[in-house]
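K.L.:
Just dropping this structure here.
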Amino acid sequence: MSTLASRRNNRLTFIILSAMIAGIITGFIINKYFLPLNVKEQDNFLEPFTLLADVFLRLIKMIVAPLVFTTLVVGVAKQGTLKAVGRVGGKTMLWFICGSFTSLFLGMIMVNFFQPGTAMHLPIPALANIPVNGANLNLKDFIYHIFPSSIFDALAKNEILQVVVFSIFFGIALGSMRKKGEIVIHALDAIANVILKMTRYIMNFAPVAVFGAMTAVIAKQGLGILLIYSKFIGEFYVGLIVLFLVLVFAGYLFLQKRVLILLERIKEPVLIAFSTNSSEAAFPKLMLELQRFGCDKKIVGFVLPLGYSFNLDGSMMYMTFASIFIAQSYGIHLDWGTQISMLFVLMLTSKGIAGVPRASLVVIAGTLATFKIPEAGLALLLGIDPVLDMGRAAMNVVGNSVATAVVSKLENQLK
């Protein structure tokens, strides 16, 4: 990422944080002096503010299905080259799968341990038409729900899990066609880049959505709700620290004490990712530092780009943490079976999503719809997402660095 793009990300983050503060102040004033006593009148009074957040959420939902389809098809199709790279591809994907599962599972455990959303007591939005127990899917319904009867119907209804299944089959078939399939792969890759560009444009509306969402929440719930937000941020960063220790321990099993040298080498890329809210911003510097650490150039060139699509550990931990937090906030009980199902859905839908700022929100939006949790709950995270994004972007860099170094070690290519 260019310096100009990094500055834009920093500026957007500053504007979002400013909009959050403005929303808090506006909400407090409304709650103190202008809010009607009647609940129905309150909803009507605050409707212009909630509308700002709702429009932004609709824009996010607009790009979810096409983004998942294009990025996942390209990612799967390119795995057709794994036979050519042999051992390296197999070891890399095995590490990514284990890392993804560990991150998602840890996020699920931490959010169930802390229960950050239970104190919110938010009513389910009237437009959601979702019963409180609507998130409980039995095995038969879940299996039927996996396989689409029509991909166009799945795309139209944003049935992300069905889109993922079709994308996997399509990607496998496309990858087996070799030269004939390359045209389609390049076309879908270009379309994916266009949609990611749209994502960046849509994110420019985030400050307006943050202002509307924070104003509505503070006006209706009062300033006491801020304590819950501070707890959520603190508890999530505790989870990130635990994930960091797990990643370092996994690296130590293969690299021994050299894992400490690795952490020293990647210090600057981690800080770049943290300050810009984007693990992608650290990519060029990270590639250079991994080669200086001793990783083979070919291994770095293969594992690291693949990791930026398939191994975003910090982002994946956030996905389970945030999704279950939203369910808790609306009083929706998710049994362990449903949560495990959500984990595997995120395991698939998170693949291929680039490490751009706040891309996790796109995946979470699709997951909420799949499990019939009100997508309006995403507005709860908009105001604090930049603060959370800093930590998970930095952890994405750490996870991909450890993965690259370990694969180099396994291939005896670590100097």
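K.L.:
In nm, what is the difference between 0.36 nm times the number of residues separating Met62 and Phe101 and their Cα-Cα distance? All intermediate terms of the calculation are to be shown ahead of the outcome.
P.N.:
On the way: separation 39, 0.36 × 39 = 14.04 nm, distance 2.77 nm.
Roughly 11.3 nm would be gained on extension.
K.L.:
Now for a separate question. For segment 35-46, in order, what is each residue's ³J(HN,Hα) by Karplus, 6.51 cos²θ - 1.76 cosθ + 1.60 with θ = phi - 60°, in whole Hz (x at glycine and Pro)?
P.N.:
6, x, 7, 6, 4, 5, 5, 4, 4, 5, 5, 8
K.L.:
For a quick check: with amide H placed at 1.01 Å from N, whose amide H comes under 5 Å from Ala119's, ignoring anything fewer than 5 positions away on the same chain?
P.N.:
none
K.L.:
Which Cα, out of Leu388, Ala405, Thr320, lies furthest along the positive dipole direction of the chain (beta carbon charges, K/R +1, D/E -1)?
P.N.:
Checked the options; the winner is Ala405.
K.L.:
Among the listed pairs Lys285/Lys415; Lys61/Lys197; Lys179/Lys297; Lys61/Lys231, give every one whose C-alpha distance is greater than 22 Å. Display every interim value, and only then the final one.
P.N.:
Numbers: Lys285/Lys415 19 Å; Lys61/Lys197 15 Å; Lys179/Lys297 27 Å; Lys61/Lys231 28 Å.
Correct reply: Lys179/Lys297; Lys61/Lys231.
K.L.:
To make sure I understand, if each residue's beta carbon is the centre and we count other beta carbons within 10 Å, what order do Asp54, Asp153 fall in, fewest to most? Intermediate results must be reported in sequence, preceding the final value.
P.N.:
Working: Asp54 19, Asp153 11.
With the sparsest Cβ surroundings first, the list reads Asp153, Asp54.
K.L.:
Can you tell me the 0 to 90 degree angle between the C-alpha axis of helix 179-203 and the longest principal axis of the chain, rounded to 10?
P.N.:
Compared with the principal axis, the helix lies near 40 degrees.
K.L.:
If you keep only loop residues by DSSP, which trypsin sites (Lys or Arg not before Pro) in segment 166-264 have at most 13 other Cβ atoms within 10 Å of their Cβ? Could the numbers behind the result be given before it?
P.N.:
On the way: sites: Arg178, Lys179, Lys180, Lys197, Arg200, Lys220, Lys231, Lys257, Arg258; in loops: Arg178, Lys257.
Sparse-neighbourhood loop trypsin sites (Lys or Arg not before Pro): Arg178, Lys257.
K.L.:
Let me ask something else. From the residues Phe205, Leu46, Phe114, which one has its Cα farthest along the dipole of the chain in the positive direction, the dipole being from +1 and -1 charges on Cβ of Lys/Arg and Asp/Glu about the Cα centre?
P.N.:
After comparing all options, I get Phe205.
K.L.:
Determine ³J(HN,Hα), in whole Hz, for all residues of segment 217-234 in sequence, where each value follows from phi through the Karplus function 6.51 cos²θ - 1.76 cosθ + 1.60 and θ = phi - 60°; x replaces Gly and Pro.
P.N.:
Result, rounded to whole Hz: 5, 5, 4, 8, 9, x, 5, x, 5, 5, 4, 5, 5, 5, 5, 4, 4, x.
K.L.:
Determine the gain in length on full extension of the stretch Val248-Leu94; use 0.36 nm per residue of separation and subtract their C-alpha separation, reporting nm with one decimal. The partial results should precede the final answer.
P.N.:
Values: separation 154, 0.36 × 154 = 55.44 nm, distance 1.76 nm.
The span from Val248 to Leu94 would gain 53.7 nm if fully extended.
K.L.:
5 Å is the cut-off here: which amide hydrogens, built 1.01 Å from N in the peptide plane, fall below it relative to Cys295, excluding neighbours closer than 5 in sequence?
P.N.:
Lys415
K.L.:
Right, next: Can you tell me the dipole magnitude for the chain around its Cα centre, using point charges on the Cβ only (Lys, Arg +1; Asp, Glu -1), in Debye to the nearest 20?
P.N.:
1340
K.L.:
Extending each Cα 7 Å along its Cβ direction at Tyr144 and Lys197, get the distance between those two points in nm, one decimal.
P.N.:
With each label placed 7 Å out from Cα toward Cβ, I get 4.3 nm.
K.L.:
Something else: Which whole-Hz couplings ³J(HN,Hα) result when phi for each residue of segment 285-301 is put into the Karplus expression 6.51 cos²θ - 1.76 cosθ + 1.60, θ = phi - 60°, listed in order with x for Gly and Pro?
P.N.:
So the Karplus estimates, Gly and Pro as x, are 5, 5, 4, 5, 5, 5, 5, 5, 5, x, 6, 5, 4, 5, 5, 4, x Hz.
K.L.:
To continue, here is another question. Grab the DSSP H runs of the chain that are 4 residues or longer, score each as -39,500 (n - 2.57), total them, divide by all residues and round the 222 nm result to the nearest 500 deg cm²/dmol. Write down the numbers at each step before the final one.
P.N.:
On the way: 19 runs with 316 residues, N = 415.
After summing the helix terms and dividing by the residues of the chain, the value is -25500 deg cm²/dmol.
Quick note: the coordinates plus some simple rules give every number you see, no bench work behind them. Computed from a prediction, not measured in an experiment: that's the story for all the values here. Note that each Cβ is placed from the backbone with ideal geometry, even for glycine, and that neighbours are counted across all protein chains shown.
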